[in-house]
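Q: Structure in structure tokens, see below.
The values are calculated or read from the model by the stated rules, or taken from the named source; none is laboratory data. This one's a predicted model, so the numbers in the text were calculated from it and none came from an experiment. Cβ atoms come from the backbone with ideal geometry, glycine included; neighbour counts cover every protein chain shown.
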């Protein structure tokens with residue numbers, strides 16, 4: 001049986017515990033230690049005297065750039081509830097593939113950060 005792990009992120013409040021865990025893992029598996037990583041699976045990590053700050057600013061900006069939305073206006077609150085939308089006959093049809101990609105990106109963003117879920121998907 002072969003086990004392949006592409007990415008593994010280890011966190012703990014004790015550097016000694018992390019070091020011990022990595023040594024044990026390296027005796028059993030062929031792996032490389034990349035040290036402190038600033039970006040992992042769409043999450044940025046910033047160390048400060050107060051601890052570790054995690055955010056997804058870069059991933060959110062990548063979504064906006066990928067779907068050419070970086071110059072759109074932001075809204076503090078989501079659209080009003082029960083708003084009825086209508087299609088403008090002069091507008092082009094939406095590309096379903098692009099729409100699925102956008103929804104998938106937003107779902108990943110919301111899955112990682114629950115506080116984004118309300119304003120993005122409401």
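Q: Checking residue 12 against (1) in a loop (DSSP other than H, G, I, E, B); (2) in contact (Cβ under 8 Å) with a residue 24 or more places away in the chain, only one condition comes out false. Which one?
A: Every condition holds for residue 12 apart from (2).
Q: Could you name every one of the helices (runs of 4 or more DSSP H) located completely within the range 21-122 that has at least 2 residues being under 20 Å from residue 7 (Cα atoms)?
A: The helices (runs of 4 or more DSSP H) meeting that bar are 57-66, 96-112.
Q: Separate question: In this structure, does residue 48 turn out to be modelled with pLDDT under 90 and either under 13 Å from the mean Cα position of the chain (by Cα) or under 30 Å from residue 15 (Cα atoms) (or both)?
A: Yes: the conditions hold for residue 48.
Q: Give the range 35-63 a look and list any residue that's surrounded by fewer than 10 Cβ atoms within 10 Å (Cβ to Cβ) and farther than 22 Å from residue 101 by Cβ, or say none.
A: 35, 36, 48, 49, 50, 51
Q: Taking residue 17 as the residue in question, decide whether it is surrounded by fewer than 10 Cβ atoms within 10 Å (Cβ to Cβ) and either in contact (Cβ under 8 Å) with a residue 40 or more places away in the chain or out of contact with any helix residue (DSSP H, G or I) (no Cβ under 8 Å at 6 or more places or on another chain) (or both).
A: When the stated conditions are applied, residue 17 does not pass them.
Q: Of the residues 107, 113, 66, which is modelled with pLDDT under 75, surrounded by 11 or more Cβ atoms within 10 Å (Cβ to Cβ) and closer than 20 Å to residue 44 by Cα?
A: 113
Q: Report every pair of residues separated by at least 6 positions or lying on different chains whose Cβ atoms are under 6 Å apart, first residue within the range 82-103 and on the phi < 0 side of the Ramachandran plot and touching a residue at least 12 places away in the same chain (Cβ under 8 Å), second surrounded by 10 or more Cβ atoms within 10 Å (Cβ to Cβ) and assigned to a loop (DSSP other than H, G, I, E, B).
A: The qualifying pairs are 102/67.
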